[in-house]
Amino acid sequence: GRPPALVSLRRPSLLHSAGMSAILLYDGVCNLCDASVRFVMDHERPAEASQLLRFAALQSAVAERLLTERGVAPPAPGSAPSSVILIDGDRVLQRSDAALRAASYLRWPYRALTVLRLVPRPLRDLVYNFIARNRYRWFGKHESCRLPTPALRARFLDQEQPGGGGGPAVNAQK
């Protein structure tokens, strides 16, 4: 059978019925993405645990299932994901929309970044795509998804299955 985490995420309606917050899917081998996830966790507004953002590496089986169920093609195996993705129920946000929605979970003053939604999406995505294309060159990457610390493991959906990967590193070596 399937691991319990995969069964519970099978239908989008279960995300909200369980009171689960949005899910941020990120490139699990990218140093910039890894640092961004740690930043979000360190600066999130206080909330009930069920309302905090959850995370999964785009390279994980959980991310593949969540995207496929919503009609979004997951990244091809071995390819570099081109966008962070935020899933909120049936809604799938990509690129700058996903990043700015994630910013809405942050404490002040970081939450002020959401004002950038006023910038037209094509301009925001132009900047987003430029950074995404150069992220490995500028910030580097690891060979595989890093494991989160034991204290943070529950926030990572891909850690609830055998062999899951992703999450901020146990140690912050780059």
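Each of the peptides 21-27, 97-103, 38-44 was scored by the mean count of other Cβ atoms within 10 Å over its residues; in descending order, highest first, they stand as 21-27, 97-103, 38-44. Close amide-amide hydrogen proximity is noted between residue 156 and 55, each under 5 Å apart and 5 or more residues distant or on a separate chain (H modeled in the peptide plane; Pro and chain starts excluded). Structural descriptor for the stretch 36-97: relative contact order 17 percent, calculated from alpha carbon pairs under 8 angstrom and at least 6 residues apart.
Subtracting the Cα-Cα distance of residue 143 and residue 104 from 0.36 nm times their residue separation leaves 11.0 nm of extension gain. A cut-off of 5 Å between modelled amide H atoms, ignoring neighbours fewer than 5 places along the same chain, links residue 141 with 31. Ranked by solvent-accessible area (1.4 Å probe, protein heavy atoms only, all chains present), the residues 34, 90 order from largest to smallest as 90, 34.
Of the solvent-accessible surface of the stretch 43-147, computed with a 1.4 Å probe and all protein chains present, 59% belongs to carbon and sulfur.
Annotation: amide H of residue 106 within the under-5 Å range of 45, sequence separation 5 or more or interchain, hydrogens built in the peptide plane.
The values are calculated or read from the model by the stated rules, or taken from the named source; none is laboratory data. Only a predicted model underlies this, so the values are computations on that prediction, with no experimental measurement involved. Because the Cβ atoms are built from the backbone with ideal geometry, glycine has one as well, and the counts that use them run over all protein chains shown. Please note that ligands, DNA and RNA were not included when accessible areas were found on the heavy atoms of the full protein model with its side chains. Shrake-Rupley method; radii C 1.70, N 1.55, O 1.52, S 1.80 Å.
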